[in-house]
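Worksheet: one structure, shown below.
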2 protein chains.
Amino acid sequence: MALQDVMQYLDDHRDDHLQQLYTFLKIPSISAQPSHKDDIRAAVAFLTAELQGLGLEPEVIELQGHPLIYAQSEQRQGRPTLLFYGHYDVQPVDPVDLWDSPPFSPEIREGWIYARGASDDKGQMYGHLKAIEGFIRTGTPLPVNIKCIFEGEEESGGRGIYAYTRENPEKLACDMIVISDTHLYDEETPAICTSLRGLCYLEIRVKGPAMDLHSGIFGGAVRNPADALCRIISRLKDEEGRIRIPGFYDCVVPAGDEVRQEIARLGNTDLKVKEETGVSAVFGESGYSSLERMWIRPTCDVNGIWSGYTGQGAKTVIPAVAAAKLSMRLVPHQDPDTIRSAFIAYVKDICPTGVSVEVEDMGGAKPVLIPRDSPLIQAGKTALEKGFGKKAIFMGDGGSIPIVGTFQESLQVPVLLLGFGLPIDNIHSPNERFKRSHYHQGIRTTALLLAEVADLQKT
Amino acid sequence: MALQDVMQYLDDHRDDHLQQLYTFLKIPSISAQPSHKDDIRAAVAFLTAELQGLGLEPEVIELQGHPLIYAQSEQRQGRPTLLFYGHYDVQPVDPVDLWDSPPFSPEIREGWIYARGASDDKGQMYGHLKAIEGFIRTGTPLPVNIKCIFEGEEESGGRGIYAYTRENPEKLACDMIVISDTHLYDEETPAICTSLRGLCYLEIRVKGPAMDLHSGIFGGAVRNPADALCRIISRLKDEEGRIRIPGFYDCVVPAGDEVRQEIARLGNTDLKVKEETGVSAVFGESGYSSLERMWIRPTCDVNGIWSGYTGQGAKTVIPAVAAAKLSMRLVPHQDPDTIRSAFIAYVKDICPTGVSVEVEDMGGAKPVLIPRDSPLIQAGKTALEKGFGKKAIFMGDGGSIPIVGTFQESLQVPVLLLGFGLPIDNIHSPNERFKRSHYHQGIRTTALLLAEVADLQKT
């Protein structure tokens, strides 16, 4: 049997693979919310059954948080070993009333699969297993050795897989790593991602009075914690979009001319950002284009804020506490630990009198740069161009895949970020979606990649 | 029968009056929340039954919002008519997990009655009815004509009673108005309130992207609405606590030397504010003492703010919308409508690019000044000193009682603000409470007031 039989099988089983993905998407495996612990277990059971069916010998690795799933094919000498990474957990679904269909009842609308996790990351990671299935079910020998490591804490800043990778490099030993958790450049243009921003996520709490106060009786005589929090947040960035935390830019290595020219060749993308987000005007650090702001510049965003009365009608309180979730995206060579310390020192420094502030670490990730000249990247590009029938480009990604840096450090092998999503997939938002045709093309691309990588070895 | 029989009756029925108040406090008549509509009706039924029992001919006046309750005693010529005002609705109870006992299960702890509405205003208004009961049950002729008007929208900015008062001045016609919805100066010092701040309450919503965005993909390229909202709020006041809305102070008539000296004679009250609120340091408009900041200066406070992800763990979104509830306390002669317009114009002016802002009116009240030289005020002071056995002072109150201004304008009679609460009653907050002894002393004071007012007429 040959590759063309595998491709035929994948085309013939398009609908089956969609229905099977639905089963996976129906499991509300939200890692951040303890009430979904059983659902995390259900996702683990689903994947181990799937891996077993493919003869991949799965193993559930229990850690303090949500478990890892490891699996491998028969490891034959003389052929390269590919490690597939993916995450089976998903983001929370709030605000749930903005979803047009329930987040865990997947459905197709106008060619898109709508469900939480459709694109991030269940649809993309599950596609890898479907590509492998193509070989197994057609009796076509796998051209490479396969290892899989799937985690369940990617969306909640869990650290289990970091320690496990550092402590078990021989178990995860491989020649290259493939991750599908990024996206195409646009619907017409497949892309290989060669940089990821890092992350430093924090929760900040400002405390004032011992209890909520009547804003009439005490208004004017005490510092309002919500007001103080707004003052702190408004001083994190200047009017030009530059971050004001002392030392924040110290370690930033500016992107080289080559990268900036490559980005410039993609044209003025302000309109693309406006269309994709619905904003009336783009805004960001002065001196940089929209793509540069998203791919190669660090930033700081409020992810959530809450204080006082937020129900219907009017309530005249001075809140006792105000809190916000904030995250900074980092670029090479900013270190999350250093940035976190600088943030905390700055916030304590600018905290107004009459209130106190505390900051909690909610996880982080190092920024990642991927060399473009490796044979693996070339093999990925070829597979992508065959799978999608279009020329592929190199791109950056503003998001973070926390494990990539750890893989690079501990396993010392190239990483291929082969994304099949789109920036308009609404990941982390209501109405997350994944283009149905891209799910299928992603599966085909993965099958083609296995053959390309095997060929690499031969030449 | 004579006044001393009334006072004896009130002392003898202390426990009964507490149990009856409990029944009233158990009704969760939260006016701001539509889900409590039936509870509002239950409070109306409770009061009409009570009024009927006192022979006061109650009448439920249906309006667009929650109904008014009107009642009157036999109106005999040749004696003064007192109009009692109170409100039977209460504030929401969030954050409910900070209550040490359920908000609608009243209980006594260390001499305090704990329940939502205990002090604001059920305990205080119900005390008026208990004082009247003292006359009725002892067969003592009421020394004055009584009218009552109770509303159910005081805590939610409803406007029903305003229009009703303007349109029905003959029905509410009286010689004086008594309201118990303020507080004593402290546990040792009864007080007559001679000024109330006004209110202008608004909800502000900042809108950016069409949906929540992934903060990795788009972070840095679009304006974050939560960040924009914080910037707007941080520009409402300067670092000295002065409000920066153009024209805000234009109509403020500074308090006279007499009032400022009277306040100064109460001593340095920063420590009192710190003890009552638990703040580490007081803060407010520079150039004014804590009591001045609370009684005679306007202010602006955030009452609530919300945006993005506020659940457990980390979620990396750029929120589509951010919102806040804000209120300004006003002093003579600031007009809520003028201030609202100035606020809206300023907020639109300072709104950052890339987002839009809208402001919703959530109600207001005019500031109130009460002349101190009327016989009614003197009668109130005498009753208060007899009822509490302590010398009474004049004080301001930073809160608002929206109806007072309308009563002054439409009925053209003096108003007596005879408060029995305390600034530490936690009104509008968890663990609202009312000192049990003050409930009783308030009832006694009200009975004494009826006699004092009747005596006024004679002299």
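The values are calculated or read from the model by the stated rules, or taken from the named source; none is laboratory data. Keep in mind that this is a model prediction, so the values were computed, not measured. Methodologically, a virtual Cβ is constructed for each residue, glycine included, from the backbone with ideal geometry; neighbour enumeration extends over all protein chains shown.
Only residues that are among the small types (G, A, S) and not assigned by TED's automatic domain parsing to the domain that holds B:V206 were counted in region B:285-323, giving 4. So for region A:113-123 (the condition being outside any loop (DSSP other than H, G, I, E, B), within 14 Å of chain B (Cβ to nearest Cβ) and either in contact with a helix residue (DSSP H, G or I) (Cβ under 7 Å, 6 or more places away or on another chain) or not acidic (D, E) (or both)), does at least one residue qualify? Taking every residue of region A:113-123 in turn, at least one turns out to be outside any loop (DSSP other than H, G, I, E, B), within 14 Å of chain B (Cβ to nearest Cβ) and either in contact with a helix residue (DSSP H, G or I) (Cβ under 7 Å, 6 or more places away or on another chain) or not acidic (D, E) (or both). Taken over region A:75-101, the criterion of being over 19 Å from A:S31 (Cβ atoms), in a loop (DSSP other than H, G, I, E, B) and more than 14 Å from chain B (Cβ to nearest Cβ) is satisfied by A:Q75, A:R76, A:Q77, A:G78, A:R79, A:P80, A:S101.
The test for being out of contact with any strand residue (DSSP E or B) (no Cβ under 6 Å at 6 or more places or on another chain), under 30 Å from B:F84 (Cβ atoms), within 11 Å of another protein chain (Cβ to nearest Cβ) and part of a loop (DSSP other than H, G, I, E, B) does not hold for B:G241. The residues on offer are A:G111, A:G55, and the sole one that is touching a residue at least 40 places away in the same chain (Cβ under 8 Å), surrounded by fewer than 18 Cβ atoms within 10 Å (Cβ to Cβ) and farther than 26 Å from A:P169 by Cα is A:G111.
Looking across A:Q64, A:Q91, one residue alone is touching a residue at least 60 places away in the same chain (Cβ under 8 Å) and out of contact with any strand residue (DSSP E or B) (no Cβ under 9 Å at 6 or more places or on another chain). It is A:Q64. Could we say that A:T48 is surrounded by fewer than 23 Cβ atoms within 10 Å (Cβ to Cβ) and touching a residue at least 60 places away in the same chain (Cβ under 8 Å) here? Against the criterion (surrounded by fewer than 23 Cβ atoms within 10 Å (Cβ to Cβ) and touching a residue at least 60 places away in the same chain (Cβ under 8 Å)), A:T48 does not qualify.
Counted as qualifying within region B:391-459 are the strands (runs of 3 or more DSSP E) with 1 or more residues that are farther than 23 Å from B:P80 by Cβ and in the same structural domain as B:A379 (by TED's automatic domain parsing), namely B:393-397, B:433-435. Taken over region B:292-319, the residue count meeting the criterion of being in a helix (DSSP H, G or I) and surrounded by fewer than 24 Cβ atoms within 10 Å (Cβ to Cβ) is 1. Of the residues making up region A:22-45, those that are over 18 Å from A:P102 (Cβ atoms) and buried (at least 17 other Cβ atoms within 10 Å of the Cβ) are A:S31, A:A32, A:I40, A:V44. Here the condition is being over 28 Å from B:V302 (Cα atoms) and at pLDDT 95 or above; of A:R372, A:R293, it holds for A:R293 alone. I'd like the full set of residues that are buried (at least 22 other Cβ atoms within 10 Å of the Cβ) and either facing chain B (nearest Cβ under 7 Å) or among the charged types (D, E, K, R) (or both), limited to region A:204-213. Passing the criteria: A:G208, A:P209, A:D212, A:L213. Looking across region A:266-291 at every residue that is out of contact with any strand residue (DSSP E or B) (no Cβ under 9 Å at 6 or more places or on another chain) and in a helix (DSSP H, G or I), the one that is surrounded by the most Cβ atoms within 10 Å (Cβ to Cβ) is identified as A:V273. Criterion applied to A:I393, A:I370, A:I318 was being of a type in the set (V, I, T), within 14 Å of chain B (Cβ to nearest Cβ) and touching a residue at least 60 places away in the same chain (Cβ under 8 Å), and the one residue passing it is A:I318.
Within region B:1-29, the set of residues being closer than 20 Å to B:A115 by Cβ, in contact with a Gly (Cβ under 9 Å, 6 or more places away or on another chain) and of a type in the set (A, V, I, L, M, F, W, C) comprises B:L21, B:F24, B:L25, B:I27. In this structure, B:E276 does not qualify as under 26 Å from B:S341 (Cβ atoms), within 24 Å of the chain's Cα centre (by Cα), facing another protein chain (nearest Cβ under 9 Å) and not hydroxyl-bearing (S, T, Y). Summed over region A:371-388, the residues that are surrounded by fewer than 20 Cβ atoms within 10 Å (Cβ to Cβ) and among the basic types (K, R) give a count of 2.
Every condition in (1) more than 21 Å from A:T182 (Cα to Cα); (2) assigned by TED's automatic domain parsing to the domain that holds A:Y164 is met by A:D335 except one, and the failing one is (2). Of the residues screened, B:H66 is one that is within 13 Å of another protein chain (Cβ to nearest Cβ), modelled with pLDDT of 95 or more and touching a helix residue (DSSP H, G or I) at 6+ places or on another chain (Cβ under 7 Å).
Considering every residue within region A:208-223, establish whether at least one is touching a Lys or Arg at 6+ places or on another chain (Cβ under 8 Å), in contact (Cβ under 8 Å) with a residue 12 or more places away in the chain and hydroxyl-bearing (S, T, Y). Looking through region A:208-223, at least one residue is touching a Lys or Arg at 6+ places or on another chain (Cβ under 8 Å), in contact (Cβ under 8 Å) with a residue 12 or more places away in the chain and hydroxyl-bearing (S, T, Y).
Scanning region B:113-162 for residues that are at pLDDT 95 or above and among the small types (G, A, S) returns B:A115, B:G117, B:A118, B:S119, B:G123, B:G127, B:A131, B:G134, B:G139, B:G152. Filtering region B:336-351 for residues that are within 12 Å of another protein chain (Cβ to nearest Cβ) and closer than 28 Å to A:K325 by Cα leaves a non-empty set. Take the conditions facing chain B (nearest Cβ under 7 Å), small (G, A, S) and either outside any helix (DSSP H, G or I) or touching a residue at least 40 places away in the same chain (Cβ under 8 Å) (or both) and apply them to A:A324. Does it pass? For A:A324, the condition - facing chain B (nearest Cβ under 7 Å), small (G, A, S) and either outside any helix (DSSP H, G or I) or touching a residue at least 40 places away in the same chain (Cβ under 8 Å) (or both) - is not met.
When you check B:T23 against the structure, is it in the same structural domain as B:L129 (by TED's automatic domain parsing), at pLDDT 95 or above and touching a strand residue (DSSP E or B) at 6+ places or on another chain (Cβ under 7 Å), yes or no? No.
Looking only at residues of region B:327-359 that are within 23 Å of B:L199 (Cα to Cα) and assigned to a strand (DSSP E or B), we find that the one that is nearest to the chain's Cα centre (by Cα) is B:R329.
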